[in-house]
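The values are calculated or read from the model by the stated rules, or taken from the named source; none is laboratory data. Since we're looking at a predicted model, the values are computed, not measured. Counting neighbours? That spans all protein chains shown, and the Cβs are built from the backbone with ideal geometry, glycine included.
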Ligand code: IPE
Ligand code: IPE
Ligand code: MG
């Protein structure tokens, strides 16, 4: 396992003629969906799907690091996922803790910087501690920023920001006015560039409360592949397709003449 990671992180990236390394998305965000269906298809408990999904996380992190993608956000657990059966939730929390524990030193050696967005205060103590340890341990690293969205809700993050501003305003008696940049700077994603590409596996065509402010102009890429079957090839394909999109931001395409 150690050798594989060293090889994957340490070696010069495999030549990939289809990707333009100069035009990689600065930030790729992923809605890792379909673990439950993957398990169900095999007559396995849902947690087995989550375990299989955990292995893919590693492959995708390795691929992003090799390619030189600056920021990778993985949606691990939404604030809405508490609605799932207790044993699935506790199984997931244990799994996050285990994965982080077993991978932390390898990630650290490879200069990965771990960050969390979401309400970490309300996850179980062991899981929270493990994440806090990972954040502290990798704080000075200069490689891939790996952002884990844990107990995350885009709406909750926006509301928190608005309520803090209202409170501040009530205290000082002064109205607060924010522009887009100032607002972005007080969200959980402050300092992180907006995602340019959002990937969703398992064919669902929705955003599920993920980076709803930050992803306003992200390119959305969906595959029918279930998360445990996703991997290096899928991730590379998504970036390949992204590089062929025409991003207009409300304007016109570069080649269109103004007739
Ligand atoms: C995504 O897989 C993982 C999490 C939400 C934690 P799901 O568990 O949502 O898988 P499906 O959608 O039921 O197949
Ligand atoms: C979104 O997946 C959350 C994560 C991937 C962590 P869900 O499977 O929870 O989303 P919905 O419920 O289908 O919208
Ligand atoms: Mg799902």
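Structure above, values below:
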item	result
Residue match in the stretch 104-125 (condition: in a helix (DSSP H, G or I) and within 15 Å of the chain's Cα centre (by Cα))	no
Of all residues in the stretch 195-221 being closer than 23 Å to residue 163 by Cβ and more than 15 Å from ligand 2 (Cβ to nearest atom), the one that is surrounded by the most Cβ atoms within 10 Å (Cβ to Cβ)	214
Of residues in the stretch 28-38 being within 14 Å of ligand 3 (Cβ to nearest atom) and touching a residue at least 40 places away in the same chain (Cβ under 8 Å), the one surrounded by the fewest Cβ atoms within 10 Å (Cβ to Cβ)	37
Residue 43 vs. criteria at pLDDT 95 or above, surrounded by fewer than 19 Cβ atoms within 10 Å (Cβ to Cβ) and in a loop (DSSP other than H, G, I, E, B)	yes
Residues of the stretch 212-233 classified as touching a residue at least 40 places away in the same chain (Cβ under 8 Å) and either farther than 19 Å from residue 247 by Cα or out of contact with any strand residue (DSSP E or B) (no Cβ under 9 Å at 6 or more places or on another chain) (or both), total	10
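Every residue, every condition in (1) part of a strand (DSSP E or B); (2) closer than 25 Å to residue 79 by Cβ, yes or no:
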site	(1), (2)
151	yes, yes
164	no, yes
167	no, yes
170	no, no
177	no, no
181	no, no
187	no, yes
